[in-house]
Amino acid sequence: MNLKDIKGKNPILLLLGQLVSTLGSSMQLFALSLYVLDTTQSATMFSNVILLSMIPRIVLGPFAGVLADRVSRKKLIVILDAIAGFLTFLFVALLYCNNGLSLTQIYIFTLLLGMITVLFEPATAAIIPDIVEKEQLATINSVRRLILSFTTILAPLLGGILYSQLGLLIVMVLNGISFFLSSISEMFISVHKESVHKAKKNHFLNLLLRALVF
């Protein structure tokens, strides 16, 4: 992997957007888990938040790639980041006005953001061939995988530090801002070519069945 192969604004905007979104979401998830642990003193409730974040991946995972193949991927990632930002600030308002979040609110928030993440990831992967040259594909995909691994390791550490020092409200505000910044940066990605499948209904069903099988 040679980082010098990354040229142009497109891969940089996409990778930075993914780094900010993924890191912010993972940090917030861990901070929410710590908040639940602090308020309930229950390790089970702490674990439930983590487990709930995985449900959308299990349920929607097989269909997410199909959606990314049938709509504008650029529009999809821009809209998903914007929705995630609005959703985060909605729960920031609930946290601020009620001086806390209930378990039900946290569970709903976790599930909704999990759904957005599951749709976002395949769209970012699918758009790469549409915005970079062929010789850059291997490097970009390697960096993308590195970002995912990096955030998996670093996010709990940063989330724990920020939560203990600044509190849940600030963590959520920072994450909401990161979503909007990512959405704005992704608007400036130039799509050279975008293959959106406008197939017949039976072909769409075949894609769904194939996704379920694999």
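Just to confirm the number: angle between the C-alpha axis of helix 9-40 and the first principal axis of the chain, 0 to 90 degrees, nearest 10?
20 degrees
Between Val173 and Asn99, with labels modelled 7 Å along Cα→Cβ, what's the label distance in nm to one decimal, could you check?
Distance between the two pseudo-spin positions: 1.8 nm.
Whole percent per 5 Å bin, from 0 to the bin with the longest distance: what is P(r) over all C-alpha pairs of segment 7-77?
For segment 7-77, the binned pair fractions read 3, 13, 14, 17, 19, 13, 10, 7, 3, 1 percent.
Where the convex hull is taken over the Cα atoms of segment 10-213, what is its projected area averaged over directions, in nm²?
Reported value for the Cα convex hull: 12.0 nm².
How large is the charge dipole for the chain, taken about the Cα centre, if only the Cβ atoms of Lys, Arg (+1) and Asp, Glu (-1) carry charge, to the nearest 20 debye?
Numbers: 16 positive and 10 negative charges, 148 e Å.
Once rounded to the nearest 20, the dipole reads 720 debye.
Between Ser164 and Ile12, how high is the FRET efficiency from 1/(1 + (r/R0)^6) when r is the Cβ-Cβ distance and R₀ = 22 Å? Nearest 0.05.
Efficiency, from the Cβ-Cβ distance: 0.10.
Using packing as a proxy for protection, rank 36-46, 79-89 so that the peptide with the highest average count of other Cβ atoms within 10 Å comes first.
Put in order of decreasing packing, that is 79-89, 36-46.
Using just the helices of the chain, give the 222 nm mean residue ellipticity in deg cm²/dmol: DSSP H runs with n ≥ 4 each add -39,500 (n - 2.57), and the total is spread over all residues, rounded to 500.
Taking each H run of at least 4 residues, the total per residue is -29000 deg cm²/dmol.
What's the angle, to the nearest 10 degrees (0 to 90), between helix 201-213's Cα axis and the longest principal axis of the chain?
Relative to the chain, helix 201-213 is tipped by roughly 60 degrees.
Estimate the FRET efficiency between Ile108 and Phe150 by the formula 1/(1 + (r/R0)^6), using the beta-carbon distance for r and 25 Å for R0, to the nearest 0.05.
The calculated FRET efficiency here is 0.30.
Nearest 10 degrees is fine. How inclined is helix 168-187 to the longest principal axis of the chain, computing both from alpha carbons?
So the helix axis and the longest Cα principal axis differ by about 10 degrees.
How long is the gain from Ile55 to Ser72 if the chain were fully straight, where each residue apart is worth 0.36 nm and the alpha carbon distance is subtracted?
Length difference between fully extended and current span is 3.6 nm.
Can you list the residues, at least 5 places off or on another chain, whose amide H is less than 5 Å from the amide H of Arg70, using H built in the peptide plane?
Here His197 satisfy the definition.
Measuring from the lowest to the highest alpha carbon on each principal axis, how far does segment 90-169 reach, largest first, in angstroms?
For segment 90-169, the Cα spread along each principal axis is 52, 24, 16 Å.
Show me the ranking of peptides 161-169, 105-113 by mean Cβ neighbours inside 10 Å, starting with the highest. Mind dumping the intermediate values first?
Values: 161-169: 15.2, 105-113: 19.0.
Listed from highest to lowest mean packing, they are 105-113, 161-169.
Label Phe188 and Ala43 with points 7 Å out from Cα along Cα→Cβ: what is the distance between them in nm?
4.7 nm
How many lysine pairs in the chain, separated by 8 or more positions in sequence or lying on different chains, have Cα atoms less than 30 Å apart?
Lysine pairs meeting both conditions in the chain amount to 27.
The numbers here are math on the coordinates, done by the rules we state, and not lab data. What you are looking at is a predicted structure, and each value in this text was computed from that prediction instead of being measured. Methodologically, a virtual Cβ is constructed for each residue, glycine included, from the backbone with ideal geometry; neighbour enumeration extends over all protein chains shown.
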